[in-house]
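A short reminder: the numbers here are calculations on the coordinates, not readings from a lab. Small disclaimer: the values here were computed from a predicted structure and weren't measured. Neighbour counts run over all protein chains shown; Cβ positions are idealised from the backbone, glycine included.
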Amino acid sequence: MVKHDLVLFDLDGTLLDTSLGIFHSVRYAEKKMGFEAIGDKQLVQFIGPPPKMVYKKLYNISDEDALKATKYHREYGMGQAIYEAKVYDNIVEILKYIKSGKAKIGVTTLKTQNIAEKILDNVGIGRLFDVIIGMDESESLTKCDIIKLAINRTSTTGSVLMVGDSQYDYDGAMNAGIEFIGVLYGFGFERGKQYPFKTVESVKELLNYV
């Protein structure tokens, strides 16, 4: 039996492995902006957070240049990266299980709205969600804002669960006053480390909590 009225999923590192497209987006933006390339190990920092913030931090640039880099990042995202994502094993099965329990499901992501919708449609699972909420173009929303928008759009008044792979997801869930499950198969949380919330090592384990 499904335990929640609404289950929200992060996109990067939770529903999809989008790492290849994100890494290529960074390299594309670097070339367009004339930046010196960062090391491969640093690329993982772009998975999860709003890209503008990461560009500013890693390249020590102004808000204006970080926004320009982000526009190039998204240019590649819309044109190519949406085709470079892969759905994690067993995701489709668990989404269908949640829907069979009459619960609503949604996506709350720091990717922009249009990229989130296109990438989910391209991998064939967009139709399974009752709501998809992404970041606005100016990156003014927090994860908490995005979660609250999803709750409001679905008119949910009961129990809500957020499933994600990063500190942003956890903080957003806590600030929104909802439950949280961390996935260890993504990019943000480390296996073997203790966290102040429940964690799962595989998609199948989510069945115990949704």
Item to check | Proximal lysines to K104, defined as alpha-carbon separation beneath 28 angstrom and excluding residues fewer than eight positions away on the same chain | outcome: K3, K86, K96, K118, K143, K148, K198, K204
Next on the checklist: Restricted to Cα positions, what overall size does segment 5-123 have along the principal axes? Three whole-Å values, descending.
Outcome noted: 50, 24, 23
Checklist entry - Which peptide among 180-193, 87-100 comes first, and what is the full order, when sorted by highest mean count of other Cβ atoms within 10 Å? => result 180-193, 87-100
Checklist entry - Can you pull the Kirkwood radius for segment 21-85, inverse mean 1/r over Cα pairs, to one decimal in Å? => result 11.5
Checklist outcome for this item: Once both label points are put 7 Å beyond Cα along the C-beta direction, the K3-N122 separation in nm becomes 3.5
Checklist entry - What residue among R27, R153, R74 has the largest mean-square fluctuation in a Gaussian network model of the chain, using Cα springs under 10 Å? => result R153
Item to check | Convex hull volume per residue for segment 101-210, taking Cα atoms only, in Å³ | outcome: 114
Checklist outcome for this item: Semi-axes in Å, largest first, for segment 1-44 (Cα gyration tensor, √(5λ)) are 34, 10, 7
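Dipole size in debye (nearest 20) for the chain around its Cα centre, Lys and Arg Cβ +1, Asp and Glu Cβ -1?
Numbers: 26 positive and 28 negative charges, 56 e Å.
Dipole magnitude for the chain comes out near 260 debye.
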Next on the checklist: With the cut-off at 1.5 for a/c, could you classify segment 84-161 from its C-alpha gyration tensor as rounded, prolate or oblate?
Outcome noted: oblate
Item to check | Residues of type aspartates and glutamates that K68 reaches as a straight line, Cα spacing below 20 Å, ignoring anything fewer than 8 places off in the same chain | outcome: E30, E36, D136, E137, E139
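With r as the distance between the Cβ atoms of I61 and K198 and R0 = 45 Å, compute the FRET efficiency 1/(1 + (r/R0)^6) and round to 0.05. Spell out each step's value before the answer.
On the way: r = 38 Å, r/R0 = 0.85.
FRET efficiency, K198 to I61: 0.75.
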Next on the checklist: I'd like the per residue volume of the convex hull spanned by the Cα atoms of segment 137-188, given in cubic angstrom.
Outcome noted: 88
